[in-house]
Amino acid sequence: MKILIRKGRLVDPASGRDEVGDLAIAAGRIVGLGRVPADFQPNRTIDATGFVVAPGLVDLATRLREPGHEHEGMLESELNAAAAGGVTSLVCLPDTDPPLDEPGLLEMLKFRARNLSLARVFPLGALTRGLGGDALTEMAELTEAGCIGFSQAEVPIADTSILLRALQYASTYRYGVWLRPQDAWLGRGVAASGPLATRLGLTGVPVASSVRAWNWTVCPTSGEAGLSPHFPSSRPRPAMSRPTFPPT
Amino acid sequence: MLASRHPQLNKHGELIHLLTLEGLPRDVIHHILDTASTFLSVHEREVKKVPLLRGKSVFNLFFENSTRTRTTFEIAAKRLSADVINLDIARSSTAKGETLLDTIANLSAMHADMFVVRHGESGAPFLIAQHCAPHVHVVNAGDGRHAHPTQGLLDMYTIRHYKKDFSGLTVAIIGDIVHSRVARSDIHALSILGVPEIRGVGPKTLVPGDLAPMGVHVYHDLADGIRDADVIIMLRLQNERMTGAMLPSAGEYFKTFGLKPEKLQLAKPDCIVMHPGPINRGVEIDSAVADGTHSVILPQVTFGIAVRMAVMSIIAGNEP
C-alpha cells in the first residue's frame, strides 16, 4: 500500500520542520518527506490542503469514561474523537468507576481498546485503593496487567505521609507517578486567584496550592516520579525552578 | 572514658548491663559467644541447671507483650538457678498511672538483682539502668525500634557456629528494616565483628535510604540484594504493615520480596537462612525455604537460650 499526502503543512518537532509539502508512505513507512521520490506510484492520494500533517500526538492525561460513566462517553466514541484529533496514543487516568485499582479492570480496558484499533491506550493504575488516599494498590500486579504508571487523577492524597510512602513504594520499582500538583484544601477553587476571580465571584486557587503540592511531588523520589502538566494556579513556574526539598 | 560512653560497661570495661550492641568492644561480644557455647551442653543434661545465679531474683518486666522472648529469658534464668518473677507490668503498674521510674524504684525495693526489660519506647532500658540501684543489672529485651541486643547476639552466635569466621562474609538483611530493632542490633554486631558486606534489602517504604553511615549497602531489588550472600537474615513483616501505606498486600510483598527457592539459588550454595521468628509463611518466606536445608531458624532458638544464659551470668558476675 502506497499513500501520497499532498500539500499538507508538514510539522515534525524532531527535525524542526514546519512547511507545506508532500509526504509519501510505502508499506507503513515514510519514504518521502517534503519531496517525493520520482518513481513513487501511490495507490491512494489524499489532498491535505489546509491540514496539518504531523506525527501522531500523545495525550498524557486523558479521561476515558468506561467503566462507570458510559452515559458521558463510550470507549469507542472517545477513541474515535482522539483519532480524529490526531491523537494516536493516549494515557488514561484511573478515575473510572470503579477506579483502575485491580489487574482485571486494566486487562479488560487494554483488551477492548486493542480490539477497537483506533488510538493506542496506555492506562495509569490507581496509586491508592479506590483512589481513597489510604492504602497502596498492588503496583507490581497492576504493572504486569499493563499499566504504565500510577496516578490519583484529580483526587489529591490529603495525608502527605501516605503520599510520601506511595512515592517511595513506586520508586522502589521505578514506576512513574502522574500527580496533579494541587493541594487538597487550597486547591478547591475553580479559577486562578487574582483580580479576575475576584471580579467574577469565583473561588480562587492560590499559587501556594501548586507550590505546596510541587514541593511534595519532587520529594525524595525526584527523577523517578512523573508529572502531569496540570497547573491550576497562575504562577507555578518560578516555584518549579527552585523547589525546596522537605526532610525525608 | 569507656564507662562514661557506655553505661553498660563498668570502669574496667566489663559488661554490667546489656542495653545495646552499638559500640561494644569486639572482645566483649566474643566473650559472650564463647560463654554461650559452654552453656549449650546444659540443655542436654538430665538436670538442666547450673548454680551460677542461685539466690538471685530476676524480674521480667515486659511493658510490651511478648511470649517467646519472655519465655526464653525465663528458661535461661531458671537454668542458671535464679528465681524468676514475671510481672504483668503493662496491665498493673503502668495502667494505674505509675511512672516508669516509680515502678523501678518499687521493684528495686523488693531486692531485685536483675531486670529483663522490654518496652515500646526506644531508650527505656537506658533510663532504667541509669536510675536503678547500683547492684541491679538491666538486660534490654527489646526497646521500641532501637535495639534487641540478645537477639543480635544469638544471630551472631548462629553465624559464627555455621560460618566460623566473619571476615569474608556477605550478609543480607531482608524486609522491614525501618521498624526492626533486630535489624539495628544485627547491623551493629556484624559491623563490630568485621563483616565486610552488610546489605539491607526491601522496598523503599521499609528500607531507609540513609543506612550507609551504619555501614549498610541498600538494595531495593531482592535478586541484587541476595546475590552471592553467605547469610540471609529475614525479618518478620508485622500484620499491620501489610495493608496500608507501607505495602499494598501480603501477596504483592511475597511476590516481590518473599524468599523463595528460586531466589535462594542466587545466594552462595552454602548460605544459611535465619529468621528471628515468628515466621509468616507465604509472606516473607516460602515454606520450602523455611523448612529447607539452608534454614537454621530452629537452631537459632536453641542458641538463644544459651546466649541469654551467658549474658545474664556475665553481667551478674561483674561489679558495678
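The values are calculated or read from the model by the stated rules, or taken from the named source; none is laboratory data. All of these numbers come straight from a predicted model, not from anything done at the bench. With ideal geometry, Cβ positions are generated from the backbone for all residues, glycine too; neighbour counts draw on all protein chains shown.
Does any residue of segment B:151-174 turn out to be within 14 Å of another protein chain (Cβ to nearest Cβ) and modelled with pLDDT of 95 or more?
We begin by selecting, within segment B:151-174, every residue within 14 Å of another protein chain (Cβ to nearest Cβ); these are B:174.
Applying the additional criterion that residues be modelled with pLDDT of 95 or more yields B:174.
Looking through segment B:151-174, at least one residue is within 14 Å of another protein chain (Cβ to nearest Cβ) and modelled with pLDDT of 95 or more.
Please pick out the residue among A:S234, A:S171, A:S222 that is modelled with pLDDT of 60 or more and either more than 29 Å from B:V178 (Cβ to Cβ) or within 14 Å of chain B (Cβ to nearest Cβ) (or both).
On the way: A:S234 fails: modelled with pLDDT of 60 or more; A:S222 fails: modelled with pLDDT of 60 or more.
Unique residue meeting the criteria: A:S171.
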### Query
Quick check: anything in segment A:150-172 over 17 Å from the mean Cα position of the chain (by Cα), among the aromatic types (F, W, Y) and surrounded by fewer than 17 Cβ atoms within 10 Å (Cβ to Cβ)?
no
### Message
Here is a check on your reading of the model: is B:R199 buried (at least 21 other Cβ atoms within 10 Å of the Cβ) and either farther than 24 Å from B:S313 by Cβ or out of contact with any strand residue (DSSP E or B) (no Cβ under 7 Å at 6 or more places or on another chain) (or both)?
### Response
yes
### Query
Is segment B:247-257 home to any residue that is charged (D, E, K, R), within 21 Å of the chain's Cα centre (by Cα), assigned to a helix (DSSP H, G or I) and at negative phi?
no
### Flag if B:D228 is within 29 Å of B:K164 (Cα to Cα), of a type outside the set (K, R), within 13 Å of chain A (Cβ to nearest Cβ) and outside any strand (DSSP E or B)
no
### Task
Might you let me know whether segment B:178-195 holds any residue that is crowded, with 19+ Cβ neighbours inside 10 Å, of a type in the set (G, A, S) and within 14 Å of chain A (Cβ to nearest Cβ)?
no
### Query
Which of the residues belonging to segment B:263-280 are over 13 Å from B:A172 (Cα atoms) and within 21 Å of the chain's Cα centre (by Cα)?
B:P276, B:G277, B:P278, B:I279, B:N280
### Task
Give me the pairs, please: first residue somewhere in segment B:119-139 and at positive phi and touching a residue at least 12 places away in the same chain (Cβ under 8 Å), second residue anywhere and surrounded by fewer than 24 Cβ atoms within 10 Å (Cβ to Cβ) and outside any strand (DSSP E or B), beta-carbon distance under 8 Å, and either six or more positions apart or on two chains.
B:G123/B:G144; B:G123/B:H146
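Hey, among the residues in segment B:286-306 that are out of contact with any Phe, Trp or Tyr (no Cβ under 9 Å at 6 or more places or on another chain) and outside any helix (DSSP H, G or I), which one's farthest from B:G202 (Cα to Cα)? Walk me through it before giving the result.
Quick first cut of segment B:286-306, residues out of contact with any Phe, Trp or Tyr (no Cβ under 9 Å at 6 or more places or on another chain) only: B:287-295, B:297-298, B:301-302.
From what is left, the residues that are outside any helix (DSSP H, G or I) are B:291-295.
Numbers: B:D291: 22, B:G292: 22, B:T293: 24, B:H294: 21, B:S295: 20 Å.
In this case the residue turns out to be B:T293.
Can you tell which of B:L235, B:L222, B:L206 is touching a strand residue (DSSP E or B) at 6+ places or on another chain (Cβ under 7 Å) and within 13 Å of chain A (Cβ to nearest Cβ)?
Numbers: B:L235 fails: within 13 Å of chain A (Cβ to nearest Cβ); B:L206 fails: touching a strand residue (DSSP E or B) at 6+ places or on another chain (Cβ under 7 Å).
Criteria check complete, one pass: B:L222.
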## Note on the structure
Restricted to segment B:209-219 and to residues being touching a strand residue (DSSP E or B) at 6+ places or on another chain (Cβ under 8 Å) and either within 14 Å of chain A (Cβ to nearest Cβ) or buried (at least 21 other Cβ atoms within 10 Å of the Cβ) (or both), the residue farthest from B:T170 (Cα to Cα) is B:G209
### Message
Checking B:H294 against (1) crowded, with 22+ Cβ neighbours inside 10 Å; (2) touching a Cys at 6+ places or on another chain (Cβ under 7 Å); (3) not β-branched (V, I, T): exactly one of these is not met. Which one?
### Response
(1)
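Can you name every residue in segment A:147-162 that is within 9 Å of another protein chain (Cβ to nearest Cβ) and either in contact with a Leu (Cβ under 9 Å, 6 or more places away or on another chain) or over 22 Å from B:G202 (Cβ atoms) (or both)?
Of all residues in segment A:147-162, those within 9 Å of another protein chain (Cβ to nearest Cβ) come to A:159, A:161-162.
Answer for segment A:147-162, where residues must be within 9 Å of another protein chain (Cβ to nearest Cβ) and either in contact with a Leu (Cβ under 9 Å, 6 or more places away or on another chain) or over 22 Å from B:G202 (Cβ atoms) (or both): A:D159, A:I162.
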### Message
So B:S122 passes all but one of these: (1) hydroxyl-bearing (S, T, Y); (2) within 21 Å of B:L80 (Cα to Cα); (3) in contact with a His (Cβ under 7 Å, 6 or more places away or on another chain). Which condition number does it fail?
### Response
(2)
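Counting only residues that are within 14 Å of chain B (Cβ to nearest Cβ), give me the helices (runs of 4 or more DSSP H) lying completely in segment A:42-146 with at least 1 of them.
On the way: elements: A:75-84, A:103-116, A:139-144.
By residue number, A:103-116, A:139-144.
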